[in-house]
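Novice: Have a look at the structure that comes next, please.
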Amino acid sequence: MPKRKTTTKSKPGPFARTVANDWVEENGYRVAAAAAVPVPIPGAHTALCTALEAYMISNIAQIYGRSLTIGECVAMVPTLGGAVVVGKAVSSIAGEVLGWIPFAGWVAKGAVGGATAYGIGKAAVHWFESKHPDQEAADFEKVSLRDFVQDALAELGVKKGDAKAAAEKVAKEDGKKDEDPYDD
């Protein structure tokens, strides 16, 4: 006798808010690690952090079942509130200045960059949650840190070779390139 297929309704998945907040926390550490890398090129800190923050917003959007380009994510930052815009400006200036102070400045630059990314991420989650409350998390494709940085920089117009070199340097500094906190 053939087995009869039974369909059971699965339990609801995790709320998008929970998954997105986990992603924001993880990304805050990634941005802190990337920002702490000493790159003696004016504007490099700002470009790298902006690229990572935009990519973070893109992934938050995917968790909420939406699709945004990196450009749309960068453009979204001002809609997240005045405190986020001021924080981003202060972070950019501090990152550029602190980058010239060996060791202590690099650590401080990483802390400022990570804190800013965390704040932007929390504001983005709040924004999406206000539009789509208590939504289940959609599946989203998580990529390695190297690809994460390279894609984000390339989307913002950084030349492919420069983006690849920066991505490899960040991946080397991070050490947990492909960990997925959602794998059991």
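Novice: For GLU96, indicate whether it is of a type outside the set (Lys, Arg) and within 20 Å of ASN21 (Cβ to Cβ).
Specialist: Against the criterion (of a type outside the set (Lys, Arg) and within 20 Å of ASN21 (Cβ to Cβ)), GLU96 does not qualify.
Novice: Let me ask something else. So ASP134 passes all but one of these: (1) under 30 Å from ILE63 (Cβ atoms); (2) of a type outside the set (A, V, I, L, M, F, W, C); (3) assigned to a helix (DSSP H, G or I). Which condition number does it fail?
Specialist: Answer for ASP134: the failing condition is (3).
Novice: Okay, next question. Quick check: anything in segment 110-117 among the small types (Gly, Ala, Ser), under 23 Å from ALA36 (Cα atoms) and more than 20 Å from the chain's Cα centre (by Cα)?
Specialist: So far as segment 110-117 goes, no, none of its residues is among the small types (Gly, Ala, Ser), under 23 Å from ALA36 (Cα atoms) and more than 20 Å from the chain's Cα centre (by Cα).
Novice: Between a residue in segment 64-76 that is on the phi > 0 side of the Ramachandran plot and at pLDDT 80 or above and any residue that is not charged (D, E, K, R) and not in a loop (DSSP other than H, G, I, E, B), which pairs come within a Cβ distance under 8 Å, given they are 6 or more apart or on different chains?
Specialist: GLY65/ALA16
Novice: Restricting to segment 103-129, count the residues that are under 18 Å from ALA47 (Cβ atoms) and among the basic types (Lys, Arg).
Specialist: Result for segment 103-129: 1.
Novice: Residues in segment 61-76 that are among the aliphatic types (A, V, I, L, M), within 28 Å of PRO42 (Cβ to Cβ) and crowded, with 18+ Cβ neighbours inside 10 Å: how many?
Specialist: Result for segment 61-76: 3.
Novice: I've got another one for you. What pairs can you find where one residue is in segment 85-97 and touching a residue at least 24 places away in the same chain (Cβ under 8 Å), the other is surrounded by fewer than 19 Cβ atoms within 10 Å (Cβ to Cβ) and not in a helix (DSSP H, G or I), and their Cβ atoms are less than 8 Å apart, with a gap of 6+ or different chains?
Specialist: GLU96/PRO42; GLU96/GLY43
Novice: So GLN62 passes all but one of these: (1) under 23 Å from ASP147 (Cα atoms); (2) outside any helix (DSSP H, G or I). Which condition number does it fail?
Specialist: (2)
Novice: Picking from THR79, THR18, THR50, which residue would you name as being closer than 22 Å to PHE140 by Cβ, modelled with pLDDT of 85 or more and either among the β-branched types (Val, Ile, Thr) or surrounded by 20 or more Cβ atoms within 10 Å (Cβ to Cβ) (or both)?
Specialist: Among THR79, THR18, THR50, only THR18 is closer than 22 Å to PHE140 by Cβ, modelled with pLDDT of 85 or more and either among the β-branched types (Val, Ile, Thr) or surrounded by 20 or more Cβ atoms within 10 Å (Cβ to Cβ) (or both).
The values are calculated or read from the model by the stated rules, or taken from the named source; none is laboratory data. Since this is a predicted model, take the numbers as computed values, not measurements. As a convention, Cβ positions derive from the backbone with ideal geometry for all residues, glycine included, and neighbour counts pool all protein chains shown.
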